[in-house]
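Notes follow once the structure below has been shown.
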Amino acid sequence: MKKIAIVTGANRGLGLATSEALAQRGFKVIMTMRNPDKAQSTINALKMKNADVVVMKLDLSQEKSINDFAEQIKKEYGFVDVLVNNAGILIDSEDGGNSSLFKTKSSTIQKTFATNTIGPFLLMQKIFPMMKQEGYGRIVNVSSGMAQLSEPQTASAAYRLSKTALNMATNLFASEVGDSDICVNAISPGWVKTDMGGPHAERTIEQGIKGILWAATLPKGGPNGGFFRDGEALPW
């Protein structure tokens, strides 16, 4: 039986590349996105490469969407081997908070947290028990170096706060693993050339997904509750 991987925000960038790479490794990949209809040509291209992919609608900012998605997964598959929480937004520039934290609006923080932190947290609440029941799972929370408390940080307050909180969520779920073969880790892909990272970013998408794939396919006894880039530990 094929292993099943869920990748959120799979319509482009890191999510799309991760989905294709996992499919190449033999996974059945459930690609989630807010607007599946807009990604049909992309999905068709993947299937032309014999990728075993399924597209499902999921809006991480809406709890009902998360609940409905989880119920559908439970009903149709009953288990999940890998969850990659990749979907995220960076909207600080919309209110000037990209350049000054003193311009950051509460509405920007709330909207950012809904997608970047609360959504992944609620999804893990639903998926983790399925993994625990099977005794196996890999959860990969795509974080950012912008979340590190050990480094001086400036501006983009909403995004940084949301990713730091996602790191804590990683820590919390990692503590629930017990004796199961489950690994929950946070991964910083680095500054990547995506729609979010922009054209001047330092890393390619292929470089960015390296650590995500590593965490998604860890062997038994692999690290749990850590923060990594390219498989190397990062300070929180």
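The values are calculated or read from the model by the stated rules, or taken from the named source; none is laboratory data. None of the values given here were measured: they were computed from a predicted structure. Positions of Cβ are backbone-derived with ideal geometry, glycine not excepted, and every protein chain shown enters the neighbour counts.
Annotations for the structure displayed:
- When Phe121, Phe102 are checked against the criterion of being assigned to a helix (DSSP H, G or I) and within 13 Å of the chain's Cα centre (by Cα), a single residue qualifies: Phe121.
- Residue ID - modelled with the highest pLDDT, chosen from residues in segment 81-126 that are more than 30 Å from Asp181 (Cβ to Cβ) and among the charged types (D, E, K, R): Lys111
- Selection within segment 90-120 - among the aromatic types (Phe, Trp, Tyr) and either in contact with a strand residue (DSSP E or B) (Cβ under 9 Å, 6 or more places away or on another chain) or farther than 30 Å from Ile139 by Cα (or both): Phe102
- Lone unmet requirement of (1) surrounded by 20 or more Cβ atoms within 10 Å (Cβ to Cβ); (2) without any contact (Cβ under 8 Å) to a residue 24 or more places away in the chain for Asn167: (2)
- In segment 109-123, of all residues being touching a helix residue (DSSP H, G or I) at 6+ places or on another chain (Cβ under 6 Å) and surrounded by fewer than 22 Cβ atoms within 10 Å (Cβ to Cβ), the one that is nearest to Ser162 (Cα to Cα) corresponds to Phe113.
- Being modelled with pLDDT under 95 and more than 14 Å from the chain's Cα centre (by Cα) is true of Ala155.
- Candidate set from segment 78-103 (those that are in contact (Cβ under 8 Å) with a residue 60 or more places away in the chain and touching a Lys or Arg at 6+ places or on another chain (Cβ under 6 Å)); member that is nearest to Thr170 (Cα to Cα): Val82
- Ala201 under 21 Å from Arg229 (Cα atoms), without any contact (Cβ under 8 Å) to a residue 12 or more places away in the chain, aliphatic (A, V, I, L, M) and in contact with a strand residue (DSSP E or B) (Cβ under 7 Å, 6 or more places away or on another chain): yes
- Taking (1) touching a strand residue (DSSP E or B) at 6+ places or on another chain (Cβ under 9 Å); (2) without any contact (Cβ under 8 Å) to a residue 40 or more places away in the chain; (3) assigned to a loop (DSSP other than H, G, I, E, B) in turn, Trp214 satisfies each apart from (3).
- Scanning segment 105-118 for residues that are in a helix (DSSP H, G or I) and of a type in the set (D, E, K, R) yields one hit, Lys111.
- One residue from Leu58, Leu22, Leu14 being touching a residue at least 40 places away in the same chain (Cβ under 8 Å) and in contact with a Gly (Cβ under 6 Å, 6 or more places away or on another chain): Leu14
- Residues considered: Glu71, Glu63. Of these, the only one that is out of contact with any Gly (no Cβ under 9 Å at 6 or more places or on another chain) and not aliphatic (A, V, I, L, M) is Glu71.
- Entirely in segment 1-73, the strands (runs of 3 or more DSSP E) that have 3 or more residues that are crowded, with 21+ Cβ neighbours inside 10 Å and either β-branched (Val, Ile, Thr) or out of contact with any Ser or Thr (no Cβ under 6 Å at 6 or more places or on another chain) (or both): 4-7, 28-33
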